[in-house]
Each structure stands twice: as C-alpha cells, then as structure tokens.
1. Can you pull out the residues in the stretch 13-59 that are more than 20 Å from residue 139 (Cβ to Cβ) and small (Gly, Ala, Ser)?
2. Name every residue in the stretch 144-169 that is out of contact with any strand residue (DSSP E or B) (no Cβ under 8 Å at 6 or more places or on another chain) and either within 19 Å of residue 115 (Cβ to Cβ) or surrounded by 13 or more Cβ atoms within 10 Å (Cβ to Cβ) (or both), in order of residue number.
3. Test residue 195 against the criterion of being at pLDDT 90 or above and closer than 20 Å to residue 208 by Cβ, and give yes or no.
4. Of all residues in the stretch 54-63, count the ones that are free of Cβ contacts under 8 Å to residues at least 24 places away in the same chain and part of a helix (DSSP H, G or I).
5. Here is a list: 172, 200. Which entry is under 26 Å from residue 60 (Cα atoms), in contact with a strand residue (DSSP E or B) (Cβ under 9 Å, 6 or more places away or on another chain) and in contact (Cβ under 8 Å) with a residue 24 or more places away in the chain?
6. Being modelled with pLDDT of 90 or more and among the aromatic types (Phe, Trp, Tyr) is true for just one of 77, 88, 108. Which residue is that?
7. When you check residue 203 against the structure, is it touching a helix residue (DSSP H, G or I) at 6+ places or on another chain (Cβ under 8 Å) and among the polar types (S, T, N, Q), yes or no?
8. Filtering the stretch 17-41 down to residues that are crowded, with 18+ Cβ neighbours inside 10 Å and modelled with pLDDT under 90, which residue is farthest from residue 234 (Cα to Cα)?
Amino acid sequence: MFEKSYKPLYKQLKEKIIQDISNQIYKPGDKIPSQNELAKLYDVSRVTVKQALNELIYSGILSAQKGKGTFVKDLPFDKYSNNRLGGFTESIEKIGYKAYTKVVSVTFIDANKYLAGKLQVEIGDPIIHLKRIRMINDVPMSLENSYLNKALINNIEFTKEFLENKSLYRLLKEQAKIDFSYAEEKINAVLCDEEASELLKISKDEPILFIKRKTYTKDNLPIEFCENYVRSDVYNIVIRFNKE
C-alpha cells in the first residue's frame, strides 16, 4: 500500500490516518477500523499498526476505550485567515472548542540584539518572557514563547496562576489599556526539536509549523513578539481569497 520511503511504515500509516481525519473520512466520535483491519487494509504488520495508533493516542488525536475500540477525538480543526486580530482563547472559543493555557515559565530578561530589534527597544532593556502551552480540548496544540515590552505594561503583575486563568490580550487591554492595531505573521515549516517534542507530546523531528508573530499598538509600537511552534497534525491554516 505504501510506497518505498525514508519514513518508517508506522509514520506513513499515522500520517494517512491524520489525512483521513482531516478529509472527514473519519469524523469526531467515529470508531476507526481495528488493528487487524488496518493491517490488512494497508498491508502492514500489527506491530506497525499498534505503534502508529499509540502515537496518535499519546498525542491526543485518538482515544482508546477498553473493550470498545479506538475513536477519533474532536481534532484537528481549521483556522481560517480572516484578517481579524484576536487572542488565542477568544478565537478558539468562537469556533466551539475548549481552550486553556498551561504556563511553563514567566521570566524577566534583558533584551539581546535580536529581541531589541523585534520590539524596537534598546539592548539591555527589560523584556517579559512568557513560555506557554496552548491546549485545545485537553490536547497540547502549540508551544508559545511571547516576549513583551515591559516598559509599556509596568502596571501588570505577571504570575503563572494569573496568566492561566486570563487571556493575555484581554489582560493587556483591560489593565494596561493597550489599544491593539494589527499583527504580522510569518509561517515556516520546521522539524520539531526536543523541547517541543516533550511539551507537545509528539515525536522528535515531526514536521511542525513555526509562526513568528509581531503585534502592534495603535501608536505603531510592537507590544509583543511571539515565536510559536504549532502541531501540524491538529492545526490547519485555511486562507480564503475573495473576488474584488
């Protein structure tokens, strides 16, 4: 069934199942074929099937129910590019998913040359670094490193507990009176590194999306620079083009 490839058979099978879910051959709540059926369908061993299914269960795509079988969970989902600026929590909840954040760390650092250029500050200026895992329906979707210009938000006390229960953009708007204007994103495909693999529960060297995002205030000042590692197996970006 599968062509000769540098990829192990279990990875090819895993990708085929994800593709079938994206194409709605298997929909959320559907029971997928048994291990024996998948082995016959794709002409692979049960060991290969089991390894592929175990990875999909571990990463939150499938769920195994003892005595019943293996079922599709409520992922992946499509994000439509609609040119509207909004935070993660608001945008995910609008399409009916449960979204929340796990804060890995909150640190205060001095801007190096790279971050100083991104946030238009001086080298050595204080920067707030937030490392967070974005969760959708209890599945880790992305690892996000946000860098904030501390000079613009000195009146906010950042703690892990506070950030896990409050949208960052809502917090900046309500407490720091930040008036957002626009954001720019640059998207690349990269291979998952060791840290992202551990935190996102996917295999090392899996292809993932690397999204750099810079958000500006109404005064055209960059308030946030973000480097976001997003799982490509649960997150699709859909761009709609309209006729003028």
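1. Result: 34, 39, 45.
2. Of everything in the stretch 144-169, those that are out of contact with any strand residue (DSSP E or B) (no Cβ under 8 Å at 6 or more places or on another chain) and either within 19 Å of residue 115 (Cβ to Cβ) or surrounded by 13 or more Cβ atoms within 10 Å (Cβ to Cβ) (or both) turn out to be 154, 156, 162, 166, 167.
3. So residue 195 passes the test.
4. Initially, the stretch 54-63 is screened for residues free of Cβ contacts under 8 Å to residues at least 24 places away in the same chain, giving 54, 57, 63.
From what's left, part of a helix (DSSP H, G or I): 54, 57.
Number satisfying all stated conditions: 2.
5. Working: 172 fails: under 26 Å from residue 60 (Cα atoms).
200 is the lone residue from the list that is under 26 Å from residue 60 (Cα atoms), in contact with a strand residue (DSSP E or B) (Cβ under 9 Å, 6 or more places away or on another chain) and in contact (Cβ under 8 Å) with a residue 24 or more places away in the chain.
6. Exactly one of 77, 88, 108 is modelled with pLDDT of 90 or more and among the aromatic types (Phe, Trp, Tyr), namely 108.
7. yes
8. 26
The values are calculated or read from the model by the stated rules, or taken from the named source; none is laboratory data. None of the values given here were measured: they were computed from a predicted structure. Cβ atoms come from the backbone with ideal geometry, glycine included; neighbour counts cover every protein chain shown.
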